[in-house]
Every structure is written in C-alpha cells, then in structure tokens.
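Read the structure below first, then the notes.
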Amino acid sequence: MAVSPVLQALRTATADIHTKIETEADVERRLRDLEERPGMTVRFLALHTAVEAAIAPWRGSFAEDGYDPDSRSPLIREGLKSLGGTPDDAEPAPALPSYGEAIGWVYVAEGSMLGGRVMRKAMVRDSIPLTGLEFLDPWGDETGSRWRAFIHAMESACASGRATQDDIVKGGEDAFDLAFRILVPPAR
C-alpha cells in the first residue's frame with residue numbers, strides 16, 4: 001500500500017521532534033512507574049485538552065470528510081481521578097487559522113493513540129498494573145480502522161482543496177512543539 005504524500009510529508013517534517021519527544025519525555029517508563037504515573041497523566045490531559053480546544057472550531061470540516069476526532073480528555077481525566085491526581089491549569093489553545101492546521105494537530109493526537117496502544121500492550125505483557133491508563137488504548141481493535149479513517153479524511157481534505165499539505169505540515173509541527181513543551185520534563 002502506497003503511503004499518502006501528505007502523510008509522508010508530515011512524517012518527514014516532524015521526525016526529529018517526534019524522536020526527541022520519545023527519548024526525552026520517557027513516557028512509557030514514567031507511566032510504568034506508579035509514583036510518576038499521576039504526573040505524566042496530568043501532562044497527557046494538558047496536551048489533549050489543548051488539542052481538543054484548538055480543533056473545536058473545525059469539527060464541522062472533519063465531519064464533512066467523514067471523520068470525528070477523538071476526545072480523549074474525559075477518559076484521561078477519569079484516569080487521573082482514579083490515580084488521586086489533580087489537573088494543572090489548562091494549557092492555552094491557539095486559534096488555528098485553517099482546517100489544514102487542525103488536521104496536523106489531530107495527526108499528533110491520533111498518532112499518540114497508536115503509541116499508547118503499543119505501550120499498553122507492553123505493560124500488559126510485563127504485568128504492570130494499568131490503573132488510570134484506560135486512555136492509552138481507548139479504541140482497542142478499532143484503532144487501526146480509526147487511523148485509516150483519519151488518513152482518508154486528510155487526503156479528502158487535500159483533494160477537495162479545503163486543506164493544503166503545507167498547512168497540515170505546519171499544524172503537525174506546531175502540535176509536536178506543544179507536545180514537547182508539555183511532555184518533556186524541564187531540565188534540572
């Protein structure tokens with residue numbers, strides 16, 4: 001199966017920051033550690049709340065392309081509550097000037113769901129308690145079909161001229177920048 005040119009452009013443009021987040025945020029280790037889990041969950045809540053707020057004005061455009069972006073913040077909030085944690089102040093969400101940028105933001109959020117599924121499977125394999133981590137794999141076996149539906153919506157938006165590859169890439173880069181600021185602990 002050929003990779004969408006837009007998806008390939010997104011992957012290429014965001015590869016370095018994606019790798020930096022994976023190495024510097026150390027997400028899986030921090031979620032496995034029961035002491036660090038609430039703090040990491042707070043960070044995920046901040047990220048997903050900001051993404052959801054930023055893309056809210058564009059939900060109608062996503063619907064036109066046959067896609068409903070996931071709202072994971074309620075599930076993350078429930079997980080945080082079960083861990084005895086409390087949310088931080090909300091991260092301010094930017095006003096996204098185009099549907100294309102909103103698609104880039106959703107790319108980052110939906111991609112984190114793919115990573116969450118992988119982490120959850122590894123934790124199950126290693127008998128790590130999953131308290132508060134339901135948000136890592138909210139769609140279970142539907143994850144792959146949701147990802148394909150997102151890719152289809154992104155391609156549809158580009159084909160119709162309602163989004164450009166440049167705007168989508170910019171949105172992905174901006175959302176990854178936000179993810180880095182939220183998920184990577186400050187240097188000590």
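Nothing in this text is a laboratory measurement; each read-out follows from the coordinates by a stated rule. Remember, it's a predicted structure, so these values are computed and weren't measured experimentally. Note that each Cβ is placed from the backbone with ideal geometry, even for glycine, and that neighbours are counted across all protein chains shown.
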Selected from 125, 117, 72 as most flexible by GNM, with the chain as the system and alpha-carbon contacts under 10 Å: 125
- prompt: Roughly how tilted is helix 73-82, in degrees to the nearest 10 and between 0 and 90, from the longest Cα axis of the chain?
  reply: 0
statement: With +1 on the Cβ of every Lys and Arg and -1 on the Cβ of every Asp and Glu, the dipole magnitude of the range 5-183 about its Cα centre, in debye rounded to the nearest 20, is 360
task: Any lysines with Cα under 27 Å of the residue 121 Cα? List them, leaving off those in the same chain fewer than 8 positions away.
output: 20, 81
query: Quick one: if you take sqrt(5λ) for each eigenvalue of the C-alpha gyration tensor of the chain, what semi-axes come out, biggest first, whole angstrom?
result: 27, 17, 16
statement: Largest fluctuation, 116, 84, 66 only, Gaussian network model of the chain with Cα springs under 10 angstrom, belongs to 84
- request: Specify the residue with the greatest mean-square fluctuation among 71, 145, 98, computed from a Gaussian network of the chain linking alpha-carbon atoms under 10 Å apart.
  value: 145
task: For every helix of n ≥ 4 consecutive DSSP H residues, a contribution of -39,500 (n - 2.57) applies; sum these over the chain, divide by its total residues, and give [θ] at 222 nm rounded to the nearest 500 deg cm²/dmol.
output: -22000 deg cm²/dmol
statement: Nearest 10, in degrees from 0 to 90: the angle of helix 37-55 to the longest Cα principal axis of the chain is 20
- request: For the range 104-176, just say rounded, prolate or oblate: build the C-alpha gyration tensor, square-root its eigenvalues into a ≥ b ≥ c, call rounded for a/c under 1.5, and beyond that prolate if a/b exceeds b/c, oblate if not.
  value: prolate
- prompt: When the Cα centres of the range 46-61 and the range 115-188 are compared, how far apart do they sit, in Å?
  reply: 13
statement: By the Cα gyration tensor axes a ≥ b ≥ c (a/c under 1.5 gives rounded; else a/b larger than b/c gives prolate, otherwise oblate), the shape of the range 6-104 is oblate
- line: So the angle from the long Cα axis of helix 99-125 to the longest Cα principal axis of the chain, reported in degrees to the nearest 10, equals 40
- request: Identify all aspartates and glutamates with a Cα-Cα distance to residue 170 below 13 Å; exclude those on the same chain that are fewer than 8 residues away in sequence.
  value: 101
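How would you rank 108, 3, 27, going from fewest to most other Cβ atoms within 10 Å of each one's own Cβ? Walk me through the numbers before you get to the answer.
Values: 108 24, 3 9, 27 20.
Lowest count first: 3, 27, 108.
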- line: Taking a ≥ b ≥ c as the square roots of the eigenvalues of the Cα gyration tensor, with a/c under 1.5 meaning rounded and otherwise prolate when a/b exceeds b/c and oblate if not, the range 67-138 is oblate
